[in-house]
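Coordinate-derived values only; no laboratory data. No experiment lies behind these values; they were computed from the predicted model shown. Cβ placement follows ideal geometry from the backbone for every residue including glycine, while neighbour counts extend to all protein chains displayed.
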Amino acid sequence: MVSDQKVPVGESTIPEMVPHLTEEDSRTKGKVARAQVPRASHGAYEPRPDRPDPVSLLEGQATTRVPELVPIRYGRMLVSPFTFYRGAALIMASDLSTTPRSGINAQICGDAHLSNFGVFGSPERNLVFDCNDFDETNPGPWEWDVKRLAASIVIGARQLGFTRSVRADAVLALGQNYREHMRELAQMSNLEVWYSRIDIEAVIGALNTLAQATHSKAEEHMAATATRLVDKALTKDSMKALDKLTEVVNGERRIKSDPPLVVPVEELFPQLESEHTAEFFHGLIRKYRQSLPTDRKHLLEQFKFSQMARKVVGVGSVGTRVWIILLHGPRPEDVLFLQAKEAEASVLERFTKRSAYANHGARVVAGQRLMQAASDIFLGWQSAEGPDGVTRDFYLRQLQDWKGSVDVETAIPEGMTQYGALCARALARAHARSGDRIAVAAYLGNSPAFDKALVKFSEAYADQNERDYEAFAAAVKSGRLHAEEGV
């Protein structure tokens with residue numbers, strides 16, 4: 001029998017001193033930063049002469065991933081410049097490291113593109129809109145997140161054939177909303193900022209009101225799209241996952257095998273005795289639950305481990321080890337699906353500073369809790385030695401909990417602009433929770449100088465992304481990389 005193990009918190013043993021600046025001190029800090037690093041300077045992007053080969057950076061990432069899954073990652077990135085961009089967080093972090101920095105840091109996402117925002121259920125069972133991917137989170141320059149988000153708008157808009165003026169309007173709206181919302185947050189108290197969130201029902205209400213007032217086809221389309229997104233998200237829960245991912249075998253629910261996308265653990269490691277495998281994963285769950293608050297730990301303990309399988313998810317994450325864990329309560333319909341996702345070092349660490357957390361699962365969990373207005377009640381972490389003898393870090397959360405996201409590749413121009421602005425507001429609120437919001441607001445000021453710089457940067461970086469995509473496609477065509485498409 002595996003006994004409960006105490007899990008180290010993974011934090012630095014020497015906490016950093018927290019400066020307590022006055023409002024005037026913070027405002028001065030922002031203005032001094034603006035004088036030293038003008039807002040217009042953020043518009044510049046030129047690849048440096050010693051820029052690393054983007055294909056080599058991707059190959060380097062592949063060395064720690066599941067070898068047979070890496071070609072699936074490449075196949076998904078090969079679909080378009082936008083899907084390539086989704087998997088190229090390391091490449092962009094490398095490029096951003098040579099661009100101007102204001103010197104004002106916050107906890108940042110590290111991969112803040114359009115597809116990494118969406119709706120999900122809060123613990124109070126409300127639908128909120130927020131950033132929803134934190135694999136790369138780490139302290140860093142707030143402008144890196146804004147630039148990655150802005151560039152994703154241009155890359156996605158180019159794929160849809162939107163004109164340059166439409167793209168510029170969308171990025172200007174993003175910059176304006178980030179700047180104005182940060183100024184609003186700078187006027188709030190610490191607690192007001194902490195409790196602020198974006199209620200998706202209020203967003204839909206505003207869209208419907210606007211559509212009724214203007215009778216605009218575009219406004220009606222956006223309101224209908226948002227409503228469908230919410231309706232679909234509300235169907236995504238453990239029961240939906242149960243219907244999709246499991247089947248009844250001899251009166252017992254079992255995870256369906258669908259290799260290579262979903263493979264039960266007993267098929268992956270047939271050499272291990274089933275009793276040994278089950279006890280191994282029981283131990284993992286016991287270890288993970290120690291990272292949960294007491295009430296969540298009590299709730300988890302009411303579920304019994306049933307089965308585990310490896311699952312392929314996302315684009316950039318493909319090849320990292322991701323497990324889905326099926327647990328049962330006392331009744332057949334009382335189920336819980338958890339997802340355990342491998343956490344490696346953030347791509348930002350090469351260019352900012354090493355994480356204060358010894359465990360990268362703890363880094364992801366801490367960053368998510370710091371940036372999100374509301375987080376999954378089962379969000380936790382662990383480290384575990386795999387069947388191959390290698391110890392890896394993981395973070396865990398519910399597999400589905402009213403999750404939904406906008407399909408960027410079907411957006412209309414007005415929708416792209418509105419959605420980018422909504423993401424910008426969510427990002428500003430996330431940065432304000434950890435960074436010096438007053439200093440950032442003072443740095444940005446009231447003029448659109450930074451917004452205009454974002455337009456220049458985004459177009460220049462979209463050009464770079466297209467060049468990198470072409471180099472990546474050429475590497476696949478030459479046989480340097482092997483890609484499995486359509487998986």
Checking the cross-link filter: which aspartates and glutamates have an alpha carbon closer than 13 Å to that of Lys256, excluding same-chain neighbours under 8 positions apart? Asp243, Glu247, Glu266, Glu267
Explain nothing, just compute: Karplus ³J(HN,Hα) = 6.51 cos²θ - 1.76 cosθ + 1.60, θ = phi - 60°, for every residue of region 49-63 in order, whole Hz, x for Gly and Pro. x, 9, 4, x, 5, x, 5, 5, 4, 5, 4, x, 5, 5, 5
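Between Asp258 and Leu299, what length comes free when the chain is fully extended (0.36 nm per residue of separation minus the Cα-Cα distance, one decimal in nm)? Can you show the working numbers first?
Values: separation 41, 0.36 × 41 = 14.76 nm, distance 3.04 nm.
Between Asp258 and Leu299, full extension yields 11.7 nm more.
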Taking only Cα atoms, what is the 0 to 90° angle, nearest 10, from helix 217-233's long axis to the longest principal axis of the chain? 30 degrees
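Please arrange Cys423, Cys131 by how many other C-beta atoms lie within 10 Å of their C-beta, fewest to most. Show your work: numbers first, answer last.
Working: Cys423 29, Cys131 24.
Sorted ascending by nearby Cβ count, the order is Cys131, Cys423.
Roughly speaking, what is the stretch gain from Ser478 to Leu57, that is 0.36 nm per residue apart minus the C-alpha to C-alpha distance, in nm to one decimal?
Using 0.36 nm per residue and subtracting the Cα-Cα distance, I get 149.8 nm.
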Neighbour counts of other C-beta atoms within 10 Å: give me Ser447, Ser122 arranged from fewest to most. Ser447, Ser122
Which one, Pro54, Leu268, Ala106, is farthest towards the positive end of the dipole of the chain when Lys and Arg carry +1 and Asp and Glu -1 on their Cβ? Ala106
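With runs of 4+ DSSP H residues as the only contributors, calculate the mean residue ellipticity of the chain at 222 nm using -39,500 (n - 2.57) per run, divided by the residue total and rounded to the nearest 500.
Numbers: 18 runs with 231 residues, N = 487.
It lands at -15000 deg cm²/dmol.
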Arranged by the count of other C-beta atoms within 10 angstrom, fewest first, what order do Asp50, Asp199, Asp295 take? Asp50, Asp295, Asp199
